[in-house]
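Here, each number is a calculation from the coordinates, and none is a lab measurement. For clarity, every value in this text was computed on a predicted model and none was experimentally measured. Backbone-built Cβ (ideal geometry, glycine too); neighbour counts: all protein chains shown.
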């Protein structure tokens with residue numbers, strides 16, 4: 001093991017990790033917006049639009065991220081960074097939609113009827129009754145999807161994005177130090193993912209305690 005090379009490569013991995021987190025953050029925010037919109041459309045059975053949402057979910061979940069990246073970057077000639085975020089959000093949105101839909105369907109109909117009976121508009125019903133309760137139920141699935149999207153960023157190096165995987169590949173090609181580069185890659189993902197996983201687990205426990213008291 002060339003420990004000197006591993007130590008000297010720490011700044012490269014740190015920079016790549018920051019960029020990977022940035023990509024994941026953008027993708028997660030967009031996928032949450034897409035997922036919530038899709039879930040609400042399906043929940044309220046919006047005519048015509050529901051068919052497009054169902055088609056999108058099936059297309060997204062049944063095509064590999066790699067193929068989506070190739071299509072956007074090499075087919076549509078979209079810039080690499082935008083392509084990476086768009087593809088991750090396109091994939092994540094469908095999974096978030098299913099997570100949100102499970103939470104929405106768990107909201108009891110009597111609560112919706114009670115809200116309407118006291119004069120709440122449909123928008124107020126969504127904001128104050130439906131979404132808060134749906135989030136409590138769907139948060140574990142949402143958290144798992146966040147981790148999934150962060151790990152899926154490892155694929156974007158295929159379109160010349162300088163993420164953690166690309167950094168490891170560069171070190172291997174220059175120094176022929178596969179063991180060192182891959183060990184640093186594994187360590188980098190653990191350093192990034194473990195705190196986030198623990199944070200999501202902690203939030204899940206707090207939300208469950210606040211909602212159910214146990």
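Kirkwood's formula applied to the C-alpha pairs of the chain gives a hydrodynamic radius of 19.2 angstrom. For the listed peptides 60-66, 99-105, a ranking on the average number of other beta carbons within 10 Å per residue, highest first, reads 99-105, 60-66. The stretch between residue 178 and residue 127 holds 13.2 nm of extra length on full extension. This uses 0.36 nm per residue minus the Cα-Cα distance.
At a threshold of 8 angstrom on Cα-Cα distance, excluding pairs fewer than six apart, so keeping six or more, what relative contact order does the chain reach in percent? In percent, rounded to a whole number, it is 29.
Shape summary of the range 1-74, radius of gyration then Dmax from alpha carbon positions: 19.3, 62 Å. For the chain, the longest principal axis of the alpha carbon atoms and the long axis of helix 164-175 meet at an angle near 10°. Exposure proxy shown here: for 155, 7, 41, the number of other Cβ atoms within 10 Å sets the order, fewest to most, as 7, 41, 155. Estimated from the Cβ-Cβ distance and a Förster radius of 25 angstrom, the FRET efficiency linking residue 79 and residue 18 is about 0.80. Neighbour counts of C-beta atoms inside 10 Å place 200, 57, 33 in the sequence 33, 200, 57, starting with the fewest. Axis angle, to the nearest 10 degrees, between helix 10-43 and the longest C-alpha principal axis of the chain: 20 degrees.
Based only on other Cβ atoms within 10 Å, what is the fewest-to-most ordering of 18, 38, 83, 26? Please list the in-between numbers first.
Numbers: 18 11, 38 25, 83 22, 26 17.
Sorted ascending by nearby Cβ count, the order is 18, 26, 83, 38.
Legend: translational diffusion of the range 86-176 by Stokes-Einstein, Rh = Kirkwood radius over C-alpha pairs, 20 °C, 1.002 mPa s; D = 134 µm²/s. Compared with the dominant Cα axis of the chain, that is its longest principal axis, helix 131-152 is turned about 20°.
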